[in-house]
Amino acid sequence: MRNQFKPIVEAAFMNVQTAAMYMGISVNTLYVWRHRRQGPPSFRMGPGGRVMYRRDLLDAWLSEQQQADSRTNQTLNPLNKAPQQRERRRAA
């Protein structure tokens, strides 16, 4: 069963259903992200205007999401930062 999905993963361009399966999310989530302009870059292809995704851009977008997450990027984790001293108030 795993071999039947191999050509999908290797495709340079993916439709919405294939891109959602590739990313492990629902098709509805991908449509909502597209509508809100939050998700990976997409474009319309052909006379019917099918929504398509480039595999390399999906991979790049997923990598950006991972780097922006403080759980996987230790430089963003607030627990790794030195405590900050509060500025003392001066008496007037």
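The values are calculated or read from the model by the stated rules, or taken from the named source; none is laboratory data. Fair warning: this is a prediction, and the values are worked out from it, not measured in the lab. Virtual Cβ from ideal backbone geometry, glycine too; neighbours counted across all protein chains shown.
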Please work out which one of (1) surrounded by 11 or more Cβ atoms within 10 Å (Cβ to Cβ); (2) part of a helix (DSSP H, G or I); (3) free of Cβ contacts under 8 Å to residues at least 12 places away in the same chain is the condition A19 fails and give its number. (3)
Specify which of the listed residues (R86, R36) is out of contact with any helix residue (DSSP H, G or I) (no Cβ under 7 Å at 6 or more places or on another chain), exposed (fewer than 11 other Cβ atoms within 10 Å of the Cβ) and at pLDDT 90 or above. R36
Among all residue pairs at least 6 apart or on different chains, which show Cβ distances below 7 Å where the first residue, located in the range 22-36, is without any contact (Cβ under 8 Å) to a residue 12 or more places away in the chain and assigned to a helix (DSSP H, G or I) and the second is surrounded by 11 or more Cβ atoms within 10 Å (Cβ to Cβ) and polar (S, T, N, Q)? V27/Q17
Check T75 against each of (1) of a type outside the set (K, R); (2) under 12 Å from the mean Cα position of the chain (by Cα); (3) modelled with pLDDT under 90 and name the one condition it does not meet. (2)
